[in-house]
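Notes follow the structure.
The values are calculated or read from the model by the stated rules, or taken from the named source; none is laboratory data. Note that this is a predicted model, so its numbers are computed, not measured. In this analysis, Cβ positions are derived from the backbone assuming ideal geometry, glycine residues included, and neighbour counts consider all displayed protein chains.
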Amino acid sequence: AYPHLPPPSTFELGTALAFLHFARSGVDWAVIEVGIGGRLDTTNVISPDVGVITSISLDHVELLGNTISLIAAEKAGIIKPGLDVISAPQADGAAQVIAAKAQQETANLNVVGEALWVDPTRAIRLLSANRRWVRGQSFTLYFRPDFPTAGAHLLPAPVTLPLLGLHQHDNAAAAVGAALLLTRHGLSLSATAIEEGLAAARWPGRLELLEDKPGQPLFVVDGAHNGDSAARLRDALAPGVYFNRHRLILIIGIIAPHPIEDIFTPLAAIADTIILTRPNHPRAIDPTTLFAEVTDHVSPTTAVLTTDSVTEAIRIARMLAQPDDLICATGSLFVVAAAREALGVNEYPPDQVRSLSQA
């Protein structure tokens, strides 16, 4: 019907099928995540009730632009006239772009850190029973008196979140703020539901502990794949922050065109041993190429090894590790997926998953 247009992409087809399924199923509320950017993304054909912009960093620069401001302009493209918007704290360039777009569209912009926030100095880390790792965080959400929704003051103090990282404070505030704003559009929501939702939050592949066995090293995976997320991972893996560990053994695999140096530099600073590997992806960077790129960023006391599979990298890491060490697989969600599979971690057991024919 439209011969002048290219055929739809896999993502475009998936998005269309999702929207069709939601419509036929009578879904009351749907959370739609943008694929890349926002302004020109396939998902940006809807008229949302609330928009959320999370922390912006340099990623997909070949498509979105090579500065934070350019990327922010693409992200801000989801802001529609009069929209209720929640934004995570942003770098100055991004914050200015988002604020200008919100003003242009007469949108109701609420920024985490101003309209609602978490005081990190009062957050409490919740230790596991064996005290080897932190199983979650407890903190209080604060709201500006004129935050545009009722009921915010009814939230319990504190709430519990089983996700690690200081950045999860901002993510939790953004999620709660968005949910509360939806009450202005007909969503029935109790403070108890928010509290229980935060307490039940799970994010596979993000500072996820896969193994904690007596006499064996801790095994963690994280999907960090740009400089910003690698820096956050570095901070989280520092001794005594979330994991009581001695040495750190990193398994790293990177997919092109993600920036090797940006990912590697913050992580190399804290690693005792680094195993470079190749996840199962057509754009996976060869470990020998990674080795040539990263050797200048590694301390002379840090051992760097290469192997062609994540499974083999895990075998080598376990062979080298002592019981009080920490192994972390990172650099790509494909590395995370391979590690979870190798360790037999199945997020959704087969007997709990309904096939499409049963749905």
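Could you look through the stretch 88-115, keep only residues that are acidic (D, E) and more than 18 Å from A174 (Cβ to Cβ), and pick out the one that is surrounded by the most Cβ atoms within 10 Å (Cβ to Cβ)? Only one residue tops the list, namely E105. Could you please let me know if L305 is in the same structural domain as F219 (by the TED database), in contact (Cβ under 8 Å) with a residue 60 or more places away in the chain and in contact with a strand residue (DSSP E or B) (Cβ under 8 Å, 6 or more places away or on another chain)? The answer is no for L305. Taking the criterion of being in contact with a strand residue (DSSP E or B) (Cβ under 8 Å, 6 or more places away or on another chain) and either in the same structural domain as L187 (by the TED database) or among the acidic types (D, E) (or both), the only residue of the stretch 23-74 that qualifies is D49. Would you be able to say whether some residue in the stretch 284-292 is in the same structural domain as R232 (by the TED database), surrounded by fewer than 19 Cβ atoms within 10 Å (Cβ to Cβ) and touching a residue at least 24 places away in the same chain (Cβ under 8 Å)? No, the conditions are met nowhere in the stretch 284-292. All of T140, T121 fail the test of being closer than 20 Å to H167 by Cβ and free of Cβ contacts under 8 Å to residues at least 12 places away in the same chain, apart from T121. Taking the conditions (1) outside any helix (DSSP H, G or I); (2) in contact with a helix residue (DSSP H, G or I) (Cβ under 6 Å, 6 or more places away or on another chain) in turn, G215 satisfies each one other than (2). Of all the listed residues (L126, L189, L164), the sole one being buried (at least 21 other Cβ atoms within 10 Å of the Cβ) and either out of contact with any Phe, Trp or Tyr (no Cβ under 9 Å at 6 or more places or on another chain) or part of a loop (DSSP other than H, G, I, E, B) (or both) is L164. Pairing residues of the stretch 60-82 that are free of Cβ contacts under 8 Å to residues at least 40 places away in the same chain with residues that are in a helix (DSSP H, G or I) and among the basic types (K, R), at Cβ distances under 7 Å and at least 6 apart in sequence or on separate chains, gives A76/K101; I79/K101.
Would you please name the residue that is surrounded by the most Cβ atoms within 10 Å (Cβ to Cβ), looking only at residues in the stretch 243-269 that are in a loop (DSSP other than H, G, I, E, B) and within 17 Å of the chain's Cα centre (by Cα)? Top of the filtered list is I254. Looking only at residues in the stretch 276-303 that are assigned to a strand (DSSP E or B) and closer than 18 Å to N226 by Cα, the one that is modelled with the highest pLDDT is L276. Listed by first and then second residue, the pairs with beta-carbon distance under 8 Å, at least 6 apart or on different chains, first residue in the stretch 1-26 and in a helix (DSSP H, G or I), second modelled with pLDDT under 90 and polar (S, T, N, Q), form an empty list. Scanning the stretch 143-174 for residues that are closer than 26 Å to L233 by Cα and either without any contact (Cβ under 8 Å) to a residue 40 or more places away in the chain or of a type in the set (F, W, Y) (or both) yields a total of 3.
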